[in-house]
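Heads up, the thing below is written out as structure tokens.
Nothing in this text is a laboratory measurement; each read-out follows from the coordinates by a stated rule. Predicted model only: the values in this text are computed from it and were never measured. Cβ coordinates were reconstructed from backbone atoms using ideal geometry, including for glycine residues, and neighbour counts include every protein chain displayed.
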Amino acid sequence: MKILITGGTGFVGKRLTEILLSDGNYVRCIVRESSNISNLDKRIEILRGNLFDNSFFKSALLDIDVVFHLAALRGEKYLPYKEYEKANVLLTGKLLEASRNIRKFIFCSTVGVMGFGTDLNENSPLKPKGNYHISKARAEELCRKYENCIIVRPSIVYGPGDIDGFLYKLIRLIKRKRFLITGNGKNKIHMVHIDNLCQGLIKVGLNGKTGETFIIADRNSLTLSEIIEIIGKELNVRIPSLMIPRVLAFLVAFIYQKFYSLIFPEKEPFVSLSKVDIMSLNQDFNVSKALSMGYNPEIEIQKGIEETVREYKKREK
């Protein structure tokens, strides 16, 4: 099968291309002129160009069977919404239109479009907060206008190779003894191991019906306390018992991010309202729909966290 990937230089994109190549697929990646491709597999066909150039897209899609659109402006940086709209909505729209005759178009969204709650599923109402999640929700609206599109909503991605994600940052805080529990620690956090996610993307991409939406997460969630206990044991670090009330954490985050945004508008702050939400609210998902398409998350979450911590320790030596 001939596959086109956007965002192939990212954490998910690089791992997805590795798996697709190992399965015998032909993989083509389109990247910006400034992208670093030194770590990409040499078997990948790389096309550099302006992602907003229609003629570039036309040549990139030649003989392609399936598109995986992973490229996005992520995180809650203090950029104007128009920056997120350009990268996540307008670009998606242009690629959708150029790909209307392609057999399948897999759009990588995020569970963040549904906000917080327990047992959330594909029919849960959209409650996006922040520019990133709002832009992804709007991009989903565009996707629903195209008959060949499948929407995939991954949860928080973790695993070896990630050096900027939620779990990596949490491990680093605990290792440096700078972590305090926000709230009571009983809130559920539902993540997805990078290999489980890539398997899910491929399974729903091949078996899923176009026009459908699928949540991809590990088989089960853990509470914040359970996650930090696993990390603490693997690092041999004692977790402080002190807990910060959510209201106090929210106030501190509000003040901190206001000042931070004035100085570093293009960077995601160390403390933010969105981070307080993740650390204190439930985010738990039902993955039965993806399971019905053959998705089988083989990496159990505790083992996945332990594996990620061990890789962190090797990297930080």
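Please report, in whole Å, how far the alpha carbons of segment 43-148 spread along each principal axis, starting with the longest.
The principal-axis extents, from largest down, are 42, 30, 28 Å.
Taking the Cα-to-Cβ direction at Arg172 and at Thr118 and moving 7 Å from each Cα, how far apart do the two end points lie in nm?
Rounded to a tenth, the inter-label distance reads 3.3 nm.
If you rank Arg153, Arg219, Arg103 by fewest surrounding Cβ atoms within 10 Å, what's the result?
Arg103, Arg219, Arg153
Among Ile5, Ile231, which comes first, then next, by fewest other beta-carbon atoms within 10 Å? Intermediate values should be presented prior to the final figure.
Values: Ile5 26, Ile231 23.
So the residues, fewest neighbours to most, are Ile231, Ile5.
Expressed in nm², what is the orientationally averaged projection area of the convex hull enclosing the Cα positions of segment 92-224?
Numbers: hull surface 36.7 nm².
Computing the convex hull of the Cα atoms and averaging its projections yields 9.2 nm².
Pop out the ³J(HN,Hα) list for segment 99-105 in order, Karplus 6.51 cos²θ - 1.76 cosθ + 1.60 with θ = phi - 60°, rounded to Hz; leave Gly and Pro as x.
9, 4, 9, 7, 4, 9, 10
Taking segment 178-244, how much of its Cα-Cα pair set, in percent, is spaced more than 14 angstrom apart?
The calculated P(r) of segment 178-244 puts 67 percent of pairs beyond 14 Å.
Write down, largest first, the equivalent ellipsoid semi-axes of segment 1-94 in whole Å, where each equals the square root of 5 times an eigenvalue of the alpha-carbon gyration tensor.
The equivalent ellipsoid of segment 1-94 has semi-axes of 23, 16, 12 Å.
Do you know the relative contact order of the chain, to the nearest whole percent, from alpha carbon pairs under 8 angstrom that are 6+ apart? Walk me through the numbers before you get to the answer.
Working: 578 pairs, mean separation 59.7, N = 317.
Normalised by residue count, the contact order of the chain is 19 percent.
Which of the GluC sites (Glu not before Pro) across segment 117-209 are loop residues per DSSP, with 13 or fewer other Cβ within 10 Å?
Here the GluC sites (Glu not before Pro) that fit, given the DSSP loop and packing criteria, are Glu147.
Find the Cα radius of gyration of the chain, compare it with 2.2 N^0.38 Å by division, and give the number to two decimals.
Rg over 2.2 N^0.38 Å, computed on Cα atoms: 0.99.
Which whole-number percent is the relative contact order of segment 178-224 (Cα, under 8 Å, 6+ apart)? Walk me through the numbers before you get to the answer.
Details: 34 pairs, mean separation 28.7, N = 47.
For segment 178-224, the relative contact order is 61 percent.
Considering just Cα atoms, how many Å³ per residue does the convex hull of segment 102-161 enclose?
In segment 102-161, the Cα hull volume divided by residue count equals 118 Å³.
Output needed: percent of Cα pairs per 5 Å distance bin for segment 186-317, bins running from 0 to the one holding the longest distance.
In whole percents, the pair-distance histogram is 2, 10, 14, 15, 16, 16, 14, 9, 4, 1.
Over 28 Å between C-alpha atoms is what I'm after, so list which of Lys188/Lys313; Lys2/Lys313; Lys86/Lys145; Lys82/Lys127 land there.
Lys2/Lys313
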